[in-house]
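For reference, the structure discussed in these notes is given below.
Please treat every number below as a calculation from the coordinates, not as lab data. Not measured: the values here are computed from a predicted model. Positions of Cβ are generated from backbone atoms using ideal geometry, with glycine treated the same way; all protein chains shown enter the neighbour counts.
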Amino acid sequence: MAFENAAAVGSGVEAALKALRRKGRIADRYVKTIAVAGDGGTCDIGLQALSGAMERGHDMIFFCLDNEAYMNTGIQRSSATPFMAATTTSPAGEAIPGQRTWKKNVPEIMVAHKVPYVATACPSYPIDLVNKVKKAAAVRGPAYIHVFSMCPTGWRCASEITIKMGRLAVETGVFPLYEVENGKYRLTMEVPEKLRPVKDYLTPQGRFRHLTPSNIERIQEQVHREWEILLNKVECMQPW
């Protein structure tokens, strides 16, 4: 399997299993197909294959393990890299303070495909993650789970605080945990009535050490804006 074609391979496996069962070549039992890719192989070079798989309705679960950069090839930026984060291809300097675009919201792109199940998850909340995998496995049709995956090397933070960083991402609203079942949004993890300051999440990470107070305030405003949009969807969106 190539870097960018996890969804295409998953689609082929799912279609092949159906054909083999139909022809009596394998036992007639239900098998769930699973495909896994990182944020680069999902949000960037694999997005076309993923969109096709979801649009065609392949009966599979697609997991995006999102550590917010191409970490295995040298910490290059991806479209999942946060705004103003420093990577080797979006270095922070006097002219440009790191990544120049906001993180691509692939879970919402998947919702737009009207697939039966879409969810965000984080290993810092293992029970929530397990429950979502069980739900996705029970769905007949395509399901998508976007997993926030911490990377101490790329984020330039201590490895012993990775669980804490995942929790801070949720508690600050940087990475909300929710699911969308047939168009109906639901928050799956309670957060404080007032979100923690986004500074609590940014400060421990070396990739954000260049940020000024005004930079942090700009990020804070965007996080609050997107959080309010999500809450509105939870309250107002009805199932398809």
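So here's what we get for this one:
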{"item": "Helix-only mean residue ellipticity at 222 nm for the chain, each DSSP H run of n ≥ 4 adding -39500 (n - 2.57), per residue, nearest 500", "result": "-11500 deg cm²/dmol"}
{"item": "Taking all pairs of distinct alpha-carbon atoms in region 3-56, Kirkwood radius in angstrom", "result": "11.8 Å"}
{"item": "Extension reserve of the Ser214-Ile45 stretch, reckoned as 0.36 nm per residue once the Cα distance is removed", "result": "57.5 nm"}
{"item": "Net charge contributed by nearby residues that have their C-beta within less than 10 Å of Ser149 (K/R +1, D/E -1)", "result": "-3"}
{"item": "Taking region 6-236 and dividing mean pair separation by its residue count, relative contact order in percent (alpha carbons under 8 Å, at least six apart)", "result": "16 percent"}
{"item": "By average C-beta atoms within 10 angstrom, highest first, the peptides 106-113, 95-102, 128-135, 231-238", "result": "106-113, 128-135, 95-102, 231-238"}
{"item": "Cα-based Lys pair tally, the chain, threshold under 13 Å, eight or more apart or on separate chains", "result": "5"}
{"item": "Ordering of 203-209, 142-148 by burial proxy (mean other Cβ atoms within 10 Å per residue, highest first)", "result": "142-148, 203-209"}
{"item": "Euclidean distance between Cα centres, region 204-240 to region 82-109, Å", "result": "14 Å"}
{"item": "At 1.567 mPa s and 4 °C, Stokes D of the chain from Kirkwood alpha-carbon radius, µm² per second", "result": "69 µm²/s"}
{"item": "Length gained when the stretch Thr188-Lys23 is fully extended (0.36 nm per residue, less Cα-Cα span)", "result": "55.3 nm"}
